[in-house]
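Notes for the one structure printed next.
A short reminder: the numbers here are calculations on the coordinates, not readings from a lab. On a predicted model such as this, the values are computed, not experimentally measured, just so you know. Counting neighbours? That spans all protein chains shown, and the Cβs are built from the backbone with ideal geometry, glycine included.
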Amino acid sequence: MTRPGYFPRLAAIVTVLALVAGCSLAPGTRKPSSIEFRPLLPSFSAEPRKEEPGTPPIIPITAELVATQKAARLQDQAGGAAMPPSASANAEYVIGPGDVLAVTVWDHPELTIPAGEFRAAEIAGSLVDAAGMIYYPYVGQLKVAGLTIPEVRTRLTEELSRNIRNPQVDLRVAAFRSKKILITGEVKTPNVIPLTDRPITLLEAINLAGGTTPAADLRNVRLNRDKKIFHLDLLAIYRDGIREPVIMQPDDQVHVPDNIDNTVYVLGEVAEPALVPMVHRQLSLADALGRAGGINEDAADAGQVYVIRGQLDRPLVFRLDATNADALLLATAFDLEKHDVVYVAPTGLTVWNRIVRQILPTVQTLWQTRAIIRSGD
C-alpha cells in the first residue's frame, strides 16, 4: 500500500531533477552564431542543405573550384604582386666614399706602391674620403665619387699626362666599402653585405647570409627600398624562377620573417584536434587532416568537412564531401591559408548519443530515487 505523501514527494523530486537536467543540457547562455553546422542524418547525404537567410553561403569544394584558385594564385605570382624596379646586371660600379682604390702606373713603381711592395693594396691604396676625393701624386685632389672605374682611369691618365709622357694607368677597387645591403630575419648569418663591382641578385644575397632557416616564411620576404616595401614570394622564385631577377641596390634591406604565425586550426571529429603549422605557408586540406590524426570514422560525418576562412563579418565557408571517390584528390589539391579553421562535423547519431550520455545520469538518478522511496514503504 502506498504511503501517504508518496506521490507529492516523488513529484517534487522529479521536478527538481528535471530542472537540474535542463541546466546540464544548457549549461550556459549561448549566443547564436552566423555559422551553424547541423549534422546530417546517418544516411550521409551529400546534397548541400539550403542556407537560411543571414548565414554565409557554403561553397562546395569541387575540381572547378580548385582549378580556379590555382589559376588565381599563379596569376598573382606572375604579375599581381608588386615587384621592385629592375636594374641592369651589367651596370658599371659607381665609386663612393669609403672605397679604396688601387692605382697602378706602369714603369713608375714609386707611384704605384709608395709605401712598399709588400703592403696590401687595401692598406696602401687611395681612400675615397667623405667628400668623394682622393689624393694622388702629380695630380693632387681628384673628385672620384659618382664616377665609374673607366671614368676615373681616364681622369687620372689626363692629369698624369701633364708630368709623365704617355702614362699607362690601371685602376681597380681594392676594398668595396661605400655600398652595402642588410639581410635580417630567418637567415643563418644575418649580416651587412658589401656590394661589389659584380651585381648580385636577391637569391645570391640570401645565400651569402648562409641561406634561410627552417622557420623562414619564404612566401613573404620583405624588401625595403627607397622607403617602399615590396613583398616577394621567394618560394615561387625558387620553384619557377622569374624573367628579370631582383638585382640588389645600395642600402636595400631584406627581411625574412618567421613562420610562427602561419597556422591552421583543425577541430571537430578528428583523432587529435590540433593547431597545425604551415611549412613555407603551404598546407593542403588533406595534410591538415592527416596531421590531426585523420577523420574519426566512428563519429564524423564525412560528408561535412568544412573550411572557414576570412573575417568575422564576411567569412567564407567551403565544404568537402569526403564520401565521394575523388574527395581525397580534392583534399590534396585544396590549399589552405593561414588562420583557416578546418571543422569536421559529427553525424546525427553521434549527436544523439552524446545527448543520451548527458541524460542517462539523470534517468538513472530518477530510477534510484524511485527505488529508495519504494524501499521505504
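In nm, to one decimal, how far is the Ile373 label point from the Ala130 one, both placed 7 Å along Cα→Cβ?
9.8
Measure off 7 Å from each Cα along the Cα-to-Cβ vector at Thr263 and Val94, then give the distance between these two points in nanometres to one decimal.
4.7
Please arrange Glu64, Glu159 by counting, for each residue, the other beta carbons lying within 10 Å of its beta carbon, fewest first.
By the 10 Å Cβ count, ascending: Glu64, Glu159.
Say each of Asn207 and Leu65 gets a label point 7 Å from the Cα, pointing the same way as Cα to Cβ; how far apart are those two points in nm?
4.1
Using Cβ counts within 10 Å as a stand-in for footprinting exposure, how do Thr68, Thr201 rank, fewest first? All intermediate terms of the calculation are to be shown ahead of the outcome.
Working: Thr68 11, Thr201 16.
With the fewest neighbours first, Thr68, Thr201 line up as Thr68, Thr201.
Assuming 0.36 nm per residue, please report the length gained on full extension of the stretch Trp106 to Val192 beyond their Cα-Cα distance.
Value of the extension gain: 27.4 nm.
Please arrange Glu151, Glu272 by counting, for each residue, the other beta carbons lying within 10 Å of its beta carbon, fewest first.
Numbers: Glu151 15, Glu272 10.
Listed from fewest to most nearby Cβ atoms, that is Glu272, Glu151.
Work out how much length Arg314 to Ser161 would gain on full extension: take 0.36 nm times their residue separation and subtract the Cα-Cα distance, in nm to one decimal. Mind showing how you got there, number by number?
On the way: separation 153, 0.36 × 153 = 55.08 nm, distance 7.61 nm.
Gain in length upon complete extension: 47.5 nm.
Among the listed pairs Lys227/Lys338; Lys188/Lys228; Lys180/Lys338, which have their C-alpha atoms separated by more than 30 angstrom in this model?
On the way: Lys227/Lys338 28 Å; Lys188/Lys228 25 Å; Lys180/Lys338 34 Å.
Checking Cα-Cα distances, Lys180/Lys338 exceed 30 Å.
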